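The structure appears right after this line, and notes come after that.
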Amino acid sequence: MAGSTTTLITVAPTGAEAGKSAVPALPVTLNELVVTAKECEAAGAAVVHVHIRDDAARPTLDGSRLADTVAALREGTDLIVQLSTGGAVTDSFASRLAVLDAAPDACSLTCGTVNFGDDVFANPWQVVPEFELFDLGQVAALHRLLAEFGPPAGGHVHCDLVMGVPGGMPGDVATLAAAVAALPAGATWSATGIGRTTLPVMFGALGAGGHLRVGMEDTLTFARGRPVARNAELVERAAELARIAQRPPMRPAEARAFLGIPARSAGQ
Ligand code: KMH
Ligand code: ZN
């Protein structure tokens, strides 16, 4: 498939792992999330990958909070709103599936179980895109999923390679190349490297024609000894590298067409 002339940038601003007390810059309230999303959109992001927190800043999959979050992000931005169905390692399968009821533009779907630091992120055989791949075995599971159930809603397969999780595939260029070579024909892909693998994965992805995910879900250190101050600075860096690669950031409307996500109707 012809390479893309622009770069899809996804921001994953919060995640389920970092704590607010340890990472004060982490957006955990709805207001903090919307402010962050606006800044990241201005910096070049087209998709926001969302995990939410409760009043005590703990991860939650509460249905009405999720619906309010989708509505507020749509009200405040043009970003594609992608809710996580991965949640936290402690969430039940039923509550992760119920995330779909909040009717976001997209959801993440991890294609297999992976060791996750000291925990296990369980994903037995399952539902919808974007396909999150933490390991090469999960690429094989994606082929199996598509063979059995056909393409997802919108007809387009877009994957996100999540690299460098302790227990998943390493975040290096050789592994990136192997994973990309194994993807289904016609699939598009983004990549993100956890922690110190952020930059090698970002440079590798841009060089290989892929797209980028950045954010404090994956990266809490901007440079050695320097914590991330704002999600938007990670998006700014990714956007700058994309421009240098002569594949400037995709805007949300273009990203919708690219991913097969319908344009928003009035009031959405
Ligand atoms: N928080 C991880 C256990 C996803 O969002 O879909 C799962 C995760 C994947 O972050
Ligand atoms: Zn996530």
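The values are calculated or read from the model by the stated rules, or taken from the named source; none is laboratory data. Nothing here was measured: the structure is a model prediction, and the numbers come from that model. Please note: Cβ atoms are built from the backbone with ideal geometry, for glycine as well, and neighbour counts cover all protein chains shown. The protein model used for the area step is the full one, side chains on, heavy atoms only, and it has no ligands, DNA or RNA in it. Shrake-Rupley method; radii C 1.70, N 1.55, O 1.52, S 1.80 Å.
In vacuum, with every alpha carbon of the range 90-168 counted as one equal point scatterer, what does the Debye formula give for log10 I(q)/I(0) at q = 0.17, 0.20 Å⁻¹? Two decimals, please. For the range 90-168, the Cα-only Debye profile gives -0.69, -0.95. Its Cα gyration tensor gives the range 1-147 an equivalent ellipsoid. The semi-axes, each the square root of 5 times an eigenvalue, are 24, 20, 15 Å from largest down. Once the 1.4 Å probe is applied to the protein heavy atoms, the range 150-217 comes out at 34 Å² accessible per residue. Extent of the range 38-90 along its three principal axes (Cα atoms, max minus min coordinate, largest first): 33, 20, 18 Å. With 0.36 nm allotted per residue and the present C-alpha distance subtracted, the Arg243-Ala67 stretch has 59.9 nm of extension available.
Solvent-accessible area assigned to carbon and sulfur over the range 169-268 amounts to 62 percent, based on a 1.4 Å probe. Modelled label positions at Val173 and Arg224, each set 7 Å beyond Cα in the direction of Cβ, lie 2.0 nm from each other.
Placing a pseudo-label 7 Å from each Cα along the Cα-to-Cβ vector at Ala181 and Phe93 gives an inter-label distance of 3.4 nm. Altogether, the Stokes-Einstein calculation at 4 °C and 1.567 mPa s, with the Kirkwood radius of the range 134-206 over Cα pairs as Rh, returns a diffusion coefficient of 103 µm²/s.
If you bin all the Cα-Cα distances of the chain at 5 Å, starting from zero, the percentages per bin are 1, 6, 14, 19, 22, 19, 13, 5, 1, 0. Diagonalising the gyration tensor over the Cα atoms of the range 134-268 and scaling each eigenvalue by 5 before taking the square root yields semi-axes of 25, 21, 13 Å, largest first.
With Rg and the Kirkwood Rh both taken from Cα atoms, where does Rg over Rh land for the range 1-56?
Rg divided by Rh gives 1.09.
Of Leu97, Leu26, Leu83, the residue with the greatest mean-square motion in the GNM of the chain, using alpha carbon springs below 10 Å, is Leu97. When restricted to Cα atoms, the range 61-196 yields an Rg and a Dmax of 15.0, 43 Å, respectively.
Kirkwood radius, the range 184-224, all distinct C-alpha pairs, inverse of mean reciprocal distance: 10.7 Å.
Of all DSSP-defined beta bridges confined to the chain, some 20% are antiparallel rather than parallel. In plain terms, if you count all Cα to Cα distances in the range 191-268 and split them into 10 Å steps from zero, the share in each step is 17, 44, 28, 10, 1 percent.
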